[in-house]
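In what follows, a structure is listed as structure tokens, so that the remarks can point back to it.
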């Protein structure tokens, strides 16, 4: 799990059964003490694999949306909730957005001139077991999490995804790995659960349509060799075929695009949700 | 609790704020006390295990 704090933006990404939505109210209150007010909210997640393990309000997307609707101030009046399908009932992408258009655009300090930025959220399961084994710590290595994490970053080649990035990594005991990357005002983050039978890895980053995202994507796929993968791409604005680049980038690596869904969110841009599975050998 | 220990895909929340008082910038939300962040994360049932920052933002690795 990761937390990113910018001058006017906070991103929290947590796994498992954490009660993420309960962070909204305290964050609004603390920001208010600083003289800041909420003007945009975006909540996204994949499908719950164990919905009955999820505490309220995460018991269903309907409950989550009700909680969000009740918690967010009314000035965020451009709202939409959407479940974006794939061909598999266990893979859909849930998105809730709420925006106050009077303050949305000017405060985006990270919008680079003439660059269209996008966020890519990747979820990967059925990782290659041999590659996943690299995310197990040698037994009783006695190292602190961060130095073991650094070794894992180099051992797996994660440091080569963006050689420019400052990396903060952590290896859990006996297994599991998290990393945050910082490249200027762009973040990237990776979380890995390597146990065989329910292995999982996520990769998320901000990038520009002018950058070679295909190159990054290929590196990520080679590090984990997932059996299944979903990519959710979010950008402000409409009309963009970055998702085509992603599908063609991973095709040579044996990952075939199985589904595509696009949806638009008022004052919040476009989301494309694609699922991929490894071509059977 | 989930049988296999892996509890599924992540959840992600992104909040944007605005403010008219120039005095709170350039740091803005980065002025939040670490204790305040910890209280927010307590509501979420997470703790900070590692942290780094640069001139643009702060990044925290969390653990449930």
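Under the condition of being in contact (Cβ under 8 Å) with a residue 24 or more places away in the chain and surrounded by 14 or more Cβ atoms within 10 Å (Cβ to Cβ), the residues counted in the range A:158-170 number 4.
Every residue, every condition in (1) at pLDDT below 95; (2) in contact with a strand residue (DSSP E or B) (Cβ under 7 Å, 6 or more places away or on another chain), yes or no:
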position	(1), (2)
A:84	no, yes
A:87	yes, yes
A:98	no, yes
A:105	yes, no
A:111	yes, yes
A:118	yes, yes
A:126	yes, yes
A:134	no, no
A:138	yes, no
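Scan the range A:22-52 residue by residue and report those that are at the interface with another protein chain (Cβ under 7 Å from one of its Cβ atoms), more than 12 Å from residue B:14 (Cβ to Cβ), assigned to a helix (DSSP H, G or I) and in contact with a strand residue (DSSP E or B) (Cβ under 8 Å, 6 or more places away or on another chain). Once the filter is applied, which keeps residues that are at the interface with another protein chain (Cβ under 7 Å from one of its Cβ atoms), more than 12 Å from residue B:14 (Cβ to Cβ), assigned to a helix (DSSP H, G or I) and in contact with a strand residue (DSSP E or B) (Cβ under 8 Å, 6 or more places away or on another chain), the range A:22-52 yields only A:31. Within the range A:152-168, is there a residue that is closer than 20 Å to residue A:221 by Cβ and part of a strand (DSSP E or B)? For the range A:152-168, residues closer than 20 Å to residue A:221 by Cβ and part of a strand (DSSP E or B): present.
The values are calculated or read from the model by the stated rules, or taken from the named source; none is laboratory data. Just so you know, these numbers come straight off a predicted model, no measurement behind them. For neighbour counting, all protein chains shown are included, and Cβ atoms are generated from backbone atoms with ideal geometry for every residue, glycine included.
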